[in-house]
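Participant: This is the structure I have questions about; it appears just below.
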Amino acid sequence: MSSEDREAQEDELLALASIYDGDEFRKAESVQGGETRIYLDLPQNFKIFVSGNSNECLPNSGFEYTICFLPPLVLNFELPPDYPSSSPPSFTLSGKWLSPTQLSALCKHLDNLWEEHRGSVVLFAWMQFLKEETLAYLNIVSPFELKMGSQKKVQRRTAQASPNTELDFGGAAGSDLDQEEVVDERAVQDVESLSSLIQEILDFDQAQQIKCFNSKLFLCNICFCEKLGSECMYFLECRHVYCKACLKDYFEIQIRDGQVQCLNCPEPKCPSVATPGQVKELVEAELFARYDRLLLQSTLDLMADVVYCPRPCCQLPVMQEPGCTMGICSSCNFAFCTLCRLTYHGVSPCKVTAEKLIDLQNEYLQADEDTKRFLEQRYGKRVIQKALEEMESKEWLDKNSKSCPCCGTPIEKLDGCNKMTCTGCMQYFCWICMSSLSRASPYKHFNDPASPCFNRYVYT
């Protein structure tokens, strides 16, 4: 190796190390070479998709994903002793989301760039081309279809193509040219399957977005302090950002109050809700366990086919079979009616408690015809009729009678004096003030000047 070539190589590697950070450029330790990772800048709202006629059976075939980042292209190179005076760097170019045909097109263009720069260092020109011109050179536009190349056909480019020939392997769908003629052995699609490729792209995109978010400054609209993204959290739907300290206090208050369905974005009228993962990241384990339990319970409460075992010591959720009123708890094996929550009674009407009877009266009177038929089938027509009759009787008694102050028996006053005798317990009482009267001298109440009913014996 000439001293000029050695000096040029050392200067080039030193320059690359100063331009790029450790994630983008790493110098090899044992040989004159290294590895560069090329991160492409994507247009806004860039989409990738997998066609429904893919060879692999994918559950997400035909779906589109909007991404901000794609995994980098990786250029591994080694500098020969006579570089840059005579020979180009030897290299491999790998990428997960480009087909071998598209990678081969890039390899060919790198060869052409060397021909243009022969005798001069070329690594920076290669890296700039890959970063800034790859999408345009391959005619890649959104939406971009992900495809797997045939690894069995990979071989060195055939000699028929002249060194200066530029081949168009671009387009989102790639080229229909014969891959045996265009695939370069230096082009490596470093991925096992199309399904793993999709997952790797989505995982990388998410990781890069988090990395970018963590390095930016955001204003928290709760404490009005400016903080790094690493100290903040955003709601996935609305992207509103708040500091973790404020959200932690907000979540803890809501969970302690049992409002697990109300962990909304603090922005007024914003419907975005925190995910369980976000809640778990901020609150303590004991409080998250309460949140998780209440969230599950509130979710089950909204499911029409889920009822709870009525036994106070059990209370586990039970799935209700369609059209069946019997529920069997899988924990305590208690068979119960899903309507009245009492022991299962077959085709017999549900038993109605005194408290339930009052609610049933109001529910039946306010119901439409379909609901009335359902209630009649559930409780029986006789029970419904009895409830209505009792309600009418109660309304009449409330309007036309008073209850005995001693035993509560309803008493109606048709005429006569205000000294009443209860038909139930035979107690004397005053119709005006409803106080009990002495059995020895019941009229003393009306003759006593200190009594509120003085001289009102026959007052109506």
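The values are calculated or read from the model by the stated rules, or taken from the named source; none is laboratory data. In this text, all values refer to a predicted model and were calculated from it rather than measured experimentally. Using ideal geometry, Cβ is built from the backbone for each residue, glycine included, and neighbour counts are taken over all protein chains shown. All accessible areas refer to the heavy atoms of the entire protein, side chains included, with ligands and DNA or RNA removed. Shrake-Rupley method; radii C 1.70, N 1.55, O 1.52, S 1.80 Å.
Participant: Go through the stretch 81-97 and give me each residue that's crowded, with 18+ Cβ neighbours inside 10 Å, in contact (Cβ under 8 Å) with a residue 40 or more places away in the chain and over 48 Å from the mean Cα position of the chain (by Cα).
Facilitator: The answer is Tyr83, Pro84, Pro89.
Participant: If Ser436 satisfies every condition in (1) exposed (fewer than 13 other Cβ atoms within 10 Å of the Cβ); (2) among the small types (Gly, Ala, Ser); (3) farther than 19 Å from Leu397 by Cα but one, which is the exception?
Facilitator: All conditions are met except number (1).
Participant: Mind checking which residues of the stretch 249-307 are among the β-branched types (Val, Ile, Thr) and open to solvent by 60 Å² or more (accessible area, probe 1.4 Å)?
Facilitator: Matches in the stretch 249-307: Ile253, Val273, Thr299.
Participant: For the stretch 443-459, which residues satisfy the criterion of being in contact (Cβ under 8 Å) with a residue 12 or more places away in the chain and either under 15 Å from Cys406 (Cα atoms) or open to solvent by 50 Å² or more (accessible area, probe 1.4 Å) (or both)?
Facilitator: Listed by number, the residues that qualify are Tyr443, Pro452, Arg456, Tyr457, Val458, Tyr459.
Participant: Within the stretch 24-41, can you find the residues that are part of a loop (DSSP other than H, G, I, E, B), in contact with a strand residue (DSSP E or B) (Cβ under 7 Å, 6 or more places away or on another chain) and of a type in the set (A, V, I, L, M, F, W, C)?
Facilitator: Ala28, Val31
Participant: Still on this structure, I have one more. When the stretch 226-274 is examined, which residues are found to be without any contact (Cβ under 8 Å) to a residue 12 or more places away in the chain, farther than 24 Å from Ser298 by Cα and of a type in the set (Lys, Arg)?
Facilitator: Arg239
Participant: For the stretch 410-427, give me each residue that is of a type outside the set (Lys, Arg) and touching a helix residue (DSSP H, G or I) at 6+ places or on another chain (Cβ under 9 Å).
Facilitator: Pro410, Glu412, Cys417, Asn418
Participant: Still on this structure, I have one more. Kindly provide the set of residues from the stretch 242-276 that are aliphatic (A, V, I, L, M) and assigned to a loop (DSSP other than H, G, I, E, B), ordered by number.
Facilitator: Leu263, Ala274
Participant: Another question, if that's okay. Could you please find all residues in the stretch 109-135 being farther than 22 Å from Ile19 by Cα and under 37 Å from the mean Cα position of the chain (by Cα)?
Facilitator: The answer is Leu135, and nothing else.
Participant: Consider only pairs whose beta carbons are under 9 Å apart and that are at least six residues apart or on different chains; among these, list those whose first residue lies in the stretch 3-20 and is under 18 Å from His117 (Cα atoms) and whose second residue is open to solvent by 70 Å² or more (accessible area, probe 1.4 Å).
Facilitator: Pairs that qualify, where the first residue is under 18 Å from His117 (Cα atoms) and the partner is open to solvent by 70 Å² or more (accessible area, probe 1.4 Å), are Asp5/Pro81; Arg6/Pro81; Gln9/Met1; Glu12/Phe124; Leu13/Lys27; Ala15/Phe124; Leu16/Lys27; Leu16/Phe124.
Participant: Let me ask something else about it. Under the condition of being within 16 Å of Leu263 (Cβ to Cβ) and within 18 Å of the chain's Cα centre (by Cα), which residue from the stretch 209-240 is most open to solvent (accessible area, probe 1.4 Å)?
Facilitator: Per the stated criteria, the residue is Glu237.
Participant: Return the residue satisfying two criteria in turn: it lies in the stretch 329-342 and is open to solvent by 90 Å² or more (accessible area, probe 1.4 Å) and in contact with a strand residue (DSSP E or B) (Cβ under 9 Å, 6 or more places away or on another chain), and of such residues it is nearest to Leu360 (Cα to Cα).
Facilitator: For the stretch 329-342, the residue satisfying everything is Arg341.
Participant: Taking the criterion of being in contact with an Asp or Glu (Cβ under 7 Å, 6 or more places away or on another chain), farther than 30 Å from Asn333 by Cβ and assigned to a loop (DSSP other than H, G, I, E, B), would at least one residue in the stretch 277-294 satisfy it?
Facilitator: yes
Participant: Filter the stretch 388-433 for residues that are in contact with a Ser or Thr (Cβ under 8 Å, 6 or more places away or on another chain), among the hydrophobic types (A, V, I, L, M, F, W, C) and open to solvent by 40 Å² or more (accessible area, probe 1.4 Å) and give the result.
Facilitator: Cys406, Cys425
Participant: Another question about this same structure. Among the residues of the stretch 187-241, which ones are of a type in the set (A, V, I, L, M, F, W, C), touching a helix residue (DSSP H, G or I) at 6+ places or on another chain (Cβ under 7 Å) and not in a strand (DSSP E or B)?
Facilitator: Val191, Phe213, Cys220, Ile222, Cys223 - these are the residues of the stretch 187-241 that are of a type in the set (A, V, I, L, M, F, W, C), touching a helix residue (DSSP H, G or I) at 6+ places or on another chain (Cβ under 7 Å) and not in a strand (DSSP E or B).
Participant: On to the next question. Can you tell me which residue among Asp168, Asp184 is in a loop (DSSP other than H, G, I, E, B) and either open to solvent by less than 10 Å² (accessible area, probe 1.4 Å) or at pLDDT 50 or above (or both)?
Facilitator: Asp184
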